[in-house]
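This report refers to the structure that appears directly beneath it.
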Amino acid sequence: MFFVSQIGAVKVEISVLLGRCILPMEQLLRMGRGAVIPLDSMEGDDVWILANNHPIARGEITINGDKVSVTITESASVHDFRAMA
């Protein structure tokens, strides 16, 4: 049982990649509060779910009132993730 308690202490950072864009550094440096960064994704597109920057799943954004969450739809393919870079 000692092993199980150690696993419970491991921290994993979960991130959701909504989209990507390429901006010139000059434009990025001019951005301030309220700036909008255009992404390459559309409403309804799948998002990537990353654990410690490693793709583990795909999902969809779900909005319930003022809460935003991600519903997991499938496991991730590392090859697909790297292909979109």
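The values are calculated or read from the model by the stated rules, or taken from the named source; none is laboratory data. Remember, it's a predicted structure, so these values are computed and weren't measured experimentally. Heads up, the Cβs are rebuilt from the backbone with ideal geometry, glycines too, and the neighbour counts pull from every protein chain shown.
Being in a strand (DSSP E or B), at pLDDT 90 or above and over 15 Å from residue 80 (Cα atoms) is the filter here, so list the residues in segment 18-63 that pass it.
If the condition is that a residue be in a strand (DSSP E or B), at pLDDT 90 or above and over 15 Å from residue 80 (Cα atoms), then 51, 60 are the ones that fit.
I need a count of the residues in segment 8-17 that are assigned to a loop (DSSP other than H, G, I, E, B) and modelled with pLDDT under 90. It would help to see each step written out before you state the result.
Narrowing segment 8-17 to residues assigned to a loop (DSSP other than H, G, I, E, B): 9-13.
Cutting the leftovers down to modelled with pLDDT under 90 gives us 9-10.
Qualifying residue count for the region: 2.
Of everything in segment 7-27 that's surrounded by 10 or more Cβ atoms within 10 Å (Cβ to Cβ) and closer than 19 Å to residue 56 by Cα, which residue is farthest from the chain's Cα centre (by Cα)?
20
Can you pull out the residues in segment 73-85 that are hydrophobic (A, V, I, L, M, F, W, C) and over 14 Å from residue 15 (Cβ atoms)? Working first, answer last.
Taking segment 73-85 and keeping what is hydrophobic (A, V, I, L, M, F, W, C), we get 76, 78, 81, 83-85.
78, 83, 84, 85 - these are the residues of segment 73-85 that are hydrophobic (A, V, I, L, M, F, W, C) and over 14 Å from residue 15 (Cβ atoms).
For residue 38, which of the numbered conditions (1) within 14 Å of the chain's Cα centre (by Cα); (2) in contact (Cβ under 8 Å) with a residue 12 or more places away in the chain fails to hold?
(1)
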